[in-house]
1. For segment 18-63, how many residues meet the condition of being touching a Cys at 6+ places or on another chain (Cβ under 7 Å) and touching a residue at least 24 places away in the same chain (Cβ under 8 Å)?
2. Inside segment 19-60, can you point out the residues that are surrounded by 13 or more Cβ atoms within 10 Å (Cβ to Cβ), more than 17 Å from the chain's Cα centre (by Cα), of a type outside the set (Gly, Ala, Ser) and part of a loop (DSSP other than H, G, I, E, B)?
3. Please find, among Gln21, Gln46, Gln56, the residue that is in contact with a Leu (Cβ under 6 Å, 6 or more places away or on another chain) and within 26 Å of Ser5 (Cβ to Cβ).
4. Does at least one position in segment 62-77 carry a residue that is under 15 Å from the mean Cα position of the chain (by Cα), modelled with pLDDT under 95, closer than 28 Å to Ile119 by Cβ and open to solvent by 70 Å² or more (accessible area, probe 1.4 Å)?
5. Applying the selection to segment 1-17, what residues are closer than 16 Å to Tyr76 by Cβ, open to solvent by less than 80 Å² (accessible area, probe 1.4 Å) and of a type in the set (A, V, I, L, M, F, W, C)?
6. I'd like to verify a number: residues in segment 1-17 that are in contact (Cβ under 8 Å) with a residue 24 or more places away in the chain and either part of a helix (DSSP H, G or I) or out of contact with any Gly (no Cβ under 7 Å at 6 or more places or on another chain) (or both), how many?
7. Filtering segment 18-50 down to residues that are at pLDDT 95 or above and basic (Lys, Arg), which residue is farthest from Asp77 (Cα to Cα)?
Amino acid sequence: MEKTSTSIRLKQLMSERNLRQVDILEACKPYSDRFGIQIQKSDLSQYVSGKTEPKQDKLSILGMALGVNEAWLMGYDVPSERTEFSSTPSSTLAARYGEDVLEAVELFVRLDAVDRVKITTRMEVMLEDEKYALRDASRRA
């Protein structure tokens, strides 16, 4: 998979959409306020110049604000459009794992990238509980 850079992708978006850095910062503001993740002028300037790459939290804010896939924004050769979960037919998922899992997946995919990370992190913490360790050990035996 070919890869360019966030710098190139930001410059491309700025050119295609006739955006200035201040426009991008303004588009980020609602997401920054909602998630408490601030992107400063200096941050964006360094991303555009290629001096630094955004970390995942700021990359998510940029992706949401610009309406693009974070992997594409990182420079990967993937579609630029933000995508929703649709690769597994609902009936197959429900049949294999149950209706409650299907419902959880449908709710999960409605979240933005930042909240998905929060939920995933919380699930990982919950899975550290002894009751899950015992259950997983009995499955392996």
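1. So the count comes out to 2.
2. Hits for segment 19-60 are Leu19, Thr52.
3. Values: Gln46 fails: in contact with a Leu (Cβ under 6 Å, 6 or more places away or on another chain); Gln56 fails: in contact with a Leu (Cβ under 6 Å, 6 or more places away or on another chain).
Exactly one of Gln21, Gln46, Gln56 is in contact with a Leu (Cβ under 6 Å, 6 or more places away or on another chain) and within 26 Å of Ser5 (Cβ to Cβ), namely Gln21.
4. Yes; the residues of segment 62-77 include at least one that is under 15 Å from the mean Cα position of the chain (by Cα), modelled with pLDDT under 95, closer than 28 Å to Ile119 by Cβ and open to solvent by 70 Å² or more (accessible area, probe 1.4 Å).
5. Leu10, Leu13
6. Total satisfying the criteria: 10.
7. Among those that are at pLDDT 95 or above and basic (Lys, Arg), it is Lys41.
The values are calculated or read from the model by the stated rules, or taken from the named source; none is laboratory data. Since this is a predicted model, take the numbers as computed values, not measurements. Ideal geometry is used to build each Cβ from the backbone, glycine not excepted, and the neighbour counts take in all protein chains shown. Ligands, DNA and RNA are excluded from the accessible area calculation, which covers all protein heavy atoms including side chains. Shrake-Rupley method; radii C 1.70, N 1.55, O 1.52, S 1.80 Å.
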